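The structure appears right after this line, and notes come after that.
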């Protein structure tokens with residue numbers, strides 16, 4: 001970044017007049033890194049404290065604002081060998097953390113109550129079989145009530161509030177039968193205790209809450225981990241804007257601090273941080289993230305520019321504007337809204353079962369009550385039996401069946417570099433029979449690379465990289481990346497639009513356009529092989545020159561992934577906004593037969609909808625602003641971590657790293673998860689088929705209820721764990737979440 | 001069976017202590033970084049110099065090491 005970050009907008013006040021800042025740190029792997037960072041920062045004068053969070057790969061630093069500023073902190077980390085970026089405080093998610101804490105507290109209370117009530121219940125069950133006196137039993141029941149009632153009132157709030165919300169909206173969800181079962185179990189038990197009866201169901205009620213809360217805690221933990229990684233990625237991509245004050249001073253601020261009408265500076269080689277209008281300067285933009293088109297687009301004063309586009313050689317001043325008017329962005333937003341509304345996604349498996357389940361259970365309980373009345377039992381006895389039916393059918397295993405699998409499978413996917421936004425995306429991934437790829441940035445790498453690297457002598461590559469490191473030309477980053485450890489040369493001169501000259505080891509080196517270097521003949525030959533590449537020539541002294549073809553290279557495993565997807569009986573096609581020759585070349589290299597080029601966002605949606613109308617279930621993989629509506633319209637969608645924010649928000653998940661393999665992993669794990677979910681639902685229903693006749697016949701004692709309920713819950717949870725073994729054992733060295741963070745950051 | 005009148009409250013108090021201990025550990029953010037906590041126990045930096053095992057790392061010069069990552073830049 002060109003300007004000094006405005007650290008006050010990142011830091012927050014801490015104890016004793018110090019300020020604290022959270023930083024996302026790349027490459028924290030182990031305890032040694034943790035010690036290095038904490039000791040290294042503590043040694044900086046003015047730092048009050050530093051603490052690494054190894055799970056979330058973050059470090060919290062507190063320092064005295066009068067002694068040093070944030071730049072010293074980031075600089076100190078840089079000297080230790082770690083790249084760190086502060087968080088945009090507006091993005092930090094506190095509510096997921098608070099939610100998990102609340103659930104953990106409820107879980108602890110429910111666990112405490114379940115253990116103690118179970119202790120008393122076991123005594124009562126064994127006493128009932130032998131010689132317990134009614135007085136002792138009543139005492140035990142009253143103590144159970146004293147523990148269970150307040151515990152359930154506290155720990156059950158999550159379910160009660162959700163059930164009430166559903167009923168108010170005149171819907172039925174799983175929480176309705178759960179709340180009903182818990183409340184009835186407690187109410188019946190209290191009534192039985194008052195009447196000094198033999199059976200009470202306090203243990204069933206609290207155990208049920210304990211198991212269900214366990215599922216919710218696991219879910220919340222998974223969500224928190226996914227969120228934390230997404231936030232780290234955003235921070236490491238350095239999504240800041242260089243804000244220009246009224247008096248012309250520039251400072252780096254988080255995006256949330258920029259208002260419409262503010263002017264931001266976009267330096268050469270930087271990404272445009274926000275949508276706006278060019279107020280000063282002229283340049284060429286790489287708009288591939290927005291339209292998929294790889295050729296640069298010239299912009300001048302008055303032209304609209306979009307967040308995510310990469311600036312070329314000229315510095316631009318951009319007036320930020322709110323999304324109003326007939327711009328590309330607005331049109332894309334309208335298309336996304338339309339697609340979201342019209343999306344014909346399958347009803348989630350659990351909801352489908354839940355929708356049938358609640359009415360069937362309630363009718364069965366009513367029939368039991370009437371049946372016992374008809375058989376001449378008193379209404380009291382009939383009511384007790386009917387309520388035990390409701391308790392025993394309380395969908396404990398059913399409510400765990402699907403979330404448990406989702407948690408385990410999402411965790412396995414996370415380790416393979418896929419972050420899912422929605423739990424039900426797994427089920428939709430399982431159904432996919434067509435995969436649609438965007439080309440630019442999805443099938444190809446988001447940044448250009450040297451395509452003919454193997455044909456160039458290594459010495460020339462190193463020389464080219466050394467010169468390119470000092471340049472801000474858009475192609476320079478690609479060349480510099482080819483030899484990252486190159487030395488920066490002396491007496492470097494950059495001639496805009498032509499190239500760079502410098503001295504390296506006492507010999508003059510030139511890097512630039514073929515004409516500048518004097519390599520037109522070479523360039524013509526390379527251009528014949530790679531008609532779409534940008535050509536850059538390099539020459540040391542008067543030695544023969546070399547011509548580097550810089551191109552959007554395919555992702556390294558694109559071809560294998562396409563083959564693997566086809567091997568699963570899934571059709572593959574490309575929908576791209578780029579020119580036909582470029583798309584054709586990529587399609588040929590990746591081995592994809594069906595492709596369409598030059599599509600605008602509406603045409604992409606139209607194709608997705610045509611596929612859906614033909615009964616195809618489409619997985620859309622795309623990264624650009626132009627893909628966002630198609631991502632929203634498809635049955636399920638993924639985007640690479642380098643995608644524009646809007647595309648990531650529209651997709652069901654994002655995958656990390658340079659490889660496409662996570663797409664296959666997602667489909668495989670989705671299929672596996674769906675199979676396990678169906679198995680689990682089968683287990684849960686089989687348990688009901690066994691236990692319900694017992695309950696209807698009036699034999700469902702609290703002991704039977706406790707055994708059946710915990711047995712089926714544990715069985716379902718263990719079965720869900722199978723979603724991880726084989727998948728993880730087969731996983732190659734995991735696509736590292738941190739490695740990917742480098743993707744967008746170099747820009 | 002009057003012994004129960006003593007034993008049950010004792011059991012409840014002990015269980016309650018466990019619950020309070022858990023809620024306290026939750027409140028003091030001990031579950032925020034489980035992975036890091038597992039490693040911190042192996043770190044001897046909190047001990048006075050004399051009590052550290054032989055071969056321990058001196059505290060003064062941390063910057064000399066960079067386990068990973070330095071090469072990436």
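Here the relative contact order of segment A:93-239, from alpha carbon pairs under 8 Å that lie six or more residues apart, stands at 34 percent.
Computed on the Cα atoms alone, the convex hull of segment A:543-644 gives a volume of 132 cubic angstrom per residue.
Using a cutoff of 8 angstrom between alpha carbon atoms and counting only pairs six or more residues apart, the relative contact order for segment A:575-654 works out to 22 percent.
By its C-alpha gyration tensor, with a ≥ b ≥ c as the square roots of the eigenvalues, how is segment A:613-672 shaped: rounded for a/c under 1.5, else prolate for a/b larger than b/c, else oblate?
Working: a/c = 2.24, a/b = 1.05, b/c = 2.13.
Oblate is the answer for segment A:613-672, as a/c is 1.5 or above yet b/c matches or exceeds a/b.
Could you work out how far helix A:31-42 tilts from the main Cα principal axis of chain A, as a 0 to 90 degree angle to the nearest 10? Once rounded, one gets 70 degrees. Principal-axis analysis of the Cα atoms of chain A puts helix A:558-567 at an angle of about 40° to the longest axis.
In peptide A:81-87, what is the residue-averaged number of other protein chain Cβ atoms found within 10 Å of each Cβ?
On the way: counts 10, 6, 3, 0, 0, 0, 0.
That average works out to 3.
Using the Cβ-Cβ distance between residue A:198 and residue A:169 with R0 = 45 Å, the FRET efficiency computed as 1/(1 + (r/R0)^6) comes to roughly 0.65. Counting Cβ atoms of other protein chains within 10 Å of each Cβ in B:2-11 and taking the mean gives 2. Over all Cα pairs of segment A:93-239, how is the pair count split among 10 Å bins, expressed in % and running from 0 up to the last occupied bin? Spelled out bin by bin, segment A:93-239 gives 11, 32, 27, 16, 8, 3, 1, 0 percent. Please state the relative contact order of chain A as a whole percent: Cα pairs under 8 Å, 6+ residues apart? Taking the mean separation of contacting Cα pairs over the length of chain A, I get 14 percent. The spacing between segment A:565-635 and segment A:651-680, judged by their C-alpha centroids, is 19 Å.
If we count other beta carbons within 10 Å of each Cβ, what is the order of A:96, A:442, fewest first? Write out the running numbers ahead of the final one.
Working: A:96 16, A:442 29.
Ascending Cβ contact count within 10 Å gives the list A:96, A:442.
Size descriptors for the protein assembly as shown (Cα atoms only): Rg and Dmax, in that order, 31.8, 110 Å.
Determine the distance separating the Cα centre of segment A:245-287 from the Cα centre of segment A:450-484; give it in Å without decimals. After rounding, the separation between the Cα centres reads 28 Å. Between the Cα long axis of helix A:580-590 and the first principal axis of chain A there is an angle of about 60°, rounded to the nearest 10. Counting other Cβ atoms within 10 Å as a rough exposure proxy, the listed residues A:434, A:388 run A:434, A:388 from fewest neighbours to most. With contributions of -39500 (n - 2.57) from each DSSP H run of at least four residues, the per-residue ellipticity at 222 nm computed over chain A stands at -16500 deg cm²/dmol.
Looking only at other chains, what is the average number of their beta-carbon atoms within 10 angstrom of each beta-carbon in A:29-39?
6
Our Cα-only numbers for segment A:439-485 put the radius of gyration and Dmax at 11.3, 33 Å.
The ranking of A:162, A:713 by Cβ neighbour count inside 10 Å, starting from the fewest, reads A:162, A:713. Cα centroids of segment A:24-39 and segment A:541-557: 36 Å apart.
Computed from the coordinates by the stated procedures, all read-outs in this text should not be read as laboratory data. Keep in mind that what you see is a predicted model, and the values were worked out from it rather than measured. Glycine also receives a Cβ, built like all others from the backbone with ideal geometry; neighbour counts cover every protein chain displayed.
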